[in-house]
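Q: Dumping the structure here so I can ask a few things about it.
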Amino acid sequence: MVVVGRDPRDVAVSMSHHRANLDGSVLARLLAVAGPTHEGPRPPRPSDPRLRVLEWIDQDLRETVRHLADAWSRRDDSQVVLLHYADLSRDLAGQMRLVAARLGVDVPESRWPELVRAATFGDMRQRAGQLAPDEGLGLFSDNGRFFRSGSSGQWRQLLTEADEAHYQRRLAALAPADLRQWLHHGGGA
């Protein structure tokens with residue numbers, strides 16, 4: 001299992017943008033096919049990006065941390081490869097070589113430059129029509145917007161000091177200090 005973690009605050013910003021890029025008519029059709037849920041419909045998401053991020057922190061942070069905490073607890077298992085977005089951003093080639101080694105994949109040295117280039121954010125953005133996780137459903141209004149930025153720390157432009165304190169309290173209730181450190185900075189896996 002390959003798991004990639006990211007600073008949850010950056011996940012919240014990305015999810016806010018992804019949800020804003022969903023084609024509402026396709027989503028409604030898919031939800032109608034899926035049938036009713038026990039939860040009932042969710043109220044509309046706030047239009048303000050800061051409020052959308054805060055809503056994610058209150059409603060979705062728990063599941064993201066639960067998923068990553070499970071992988072974190074099994075990071076020494078030979079069947080688990082745990083990566084962090086920050087580490088991939090700092091050293092994509094090194095991280096790709098680490099994954100290949102962990103998976104026992106032999107890559108000819110001459111292929112590495114092409115593979116690393118294809119895995120860069122810019123190259124993936126250029127191939128958004130092929131790479132956006134859409135399953136051919138037409139889920140996104142614009143597949144190119146799936147690869148909107150790729151940068152980290154955008155949450156700093158949205159969250160106030162009080163918002164950040166709220167986030168830190170929520171995260172502290174969900175994850176031990178070593179996992180929180182890794183979630184925010186990578187390394188150490």
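Q: Only one of ASP123, ASP70, ASP77 is of a type outside the set (A, V, I, L, M, F, W, C), farther than 30 Å from LEU31 by Cβ and part of a helix (DSSP H, G or I); which? Steps first, please.
A: On the way: ASP70 fails: farther than 30 Å from LEU31 by Cβ; ASP77 fails: part of a helix (DSSP H, G or I).
Matching residue, one of ASP123, ASP70, ASP77: ASP123.
Q: Specify the residue that is modelled with the highest pLDDT; the eligible residues are those in the range 147-189 that are of a type in the set (S, T, N, Q) and not in a helix (DSSP H, G or I). Reasoning before the result, please.
A: Of all residues in the range 147-189, those of a type in the set (S, T, N, Q) come to 149, 151-152, 154, 157, 160, 168, 181.
Next, from what is left, pick out any that are not in a helix (DSSP H, G or I): 149, 151-152, 160.
Details: SER149: 72, SER151: 72, SER152: 82, THR160: 97.
Among them, the one singled out is THR160.
Yes/no matrix, rows are residues, columns are (1) without any contact (Cβ under 8 Å) to a residue 12 or more places away in the chain; (2) farther than 13 Å from ARG9 by Cα; (3) in contact with a Phe, Trp or Tyr (Cβ under 9 Å, 6 or more places away or on another chain):
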residue	(1), (2), (3)
VAL53	no, no, yes
ILE57	no, no, yes
LEU61	no, no, yes
VAL65	no, no, no
SER73	yes, yes, no
GLN79	no, yes, no
HIS84	no, yes, yes
ARG90	no, yes, no
GLN95	no, yes, no
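Q: Condition first: among the charged types (D, E, K, R) and either surrounded by 12 or more Cβ atoms within 10 Å (Cβ to Cβ) or under 16 Å from the mean Cα position of the chain (by Cα) (or both). Now tell me which residues in the range 95-141 satisfy that. Full working, then the answer.
A: Residues of the range 95-141 among the charged types (D, E, K, R): 97, 102, 106, 109, 111, 114, 117, 123, 125, 127, 134-135.
Within the range 95-141, ARG97, ARG102, ARG117, ASP123, ARG125, ARG127, ASP134 qualify.
Q: Also, quick follow-up: Among (1) in contact with a helix residue (DSSP H, G or I) (Cβ under 8 Å, 6 or more places away or on another chain); (2) surrounded by fewer than 16 Cβ atoms within 10 Å (Cβ to Cβ), there is one condition ALA177 misses while meeting the rest; what is its number?
A: It is condition (1) that ALA177 fails.
Q: Additional query: Which pairs turn up if I take residues in the range 147-163 that are free of Cβ contacts under 8 Å to residues at least 40 places away in the same chain and over 16 Å from ASP58 (Cα atoms) and look for partners that are part of a helix (DSSP H, G or I) and aliphatic (A, V, I, L, M) with beta carbon separation below 6 Å, at least 6 apart in sequence or on another chain?
A: Hits for this filter: PHE147/MET124; PHE147/ALA128.
The values are calculated or read from the model by the stated rules, or taken from the named source; none is laboratory data. Bear in mind the structure is a predicted one, so any value in this text is a computation, not a measurement. Cβ sites come from the backbone with ideal geometry, for glycine too, and all protein chains shown count toward neighbours.
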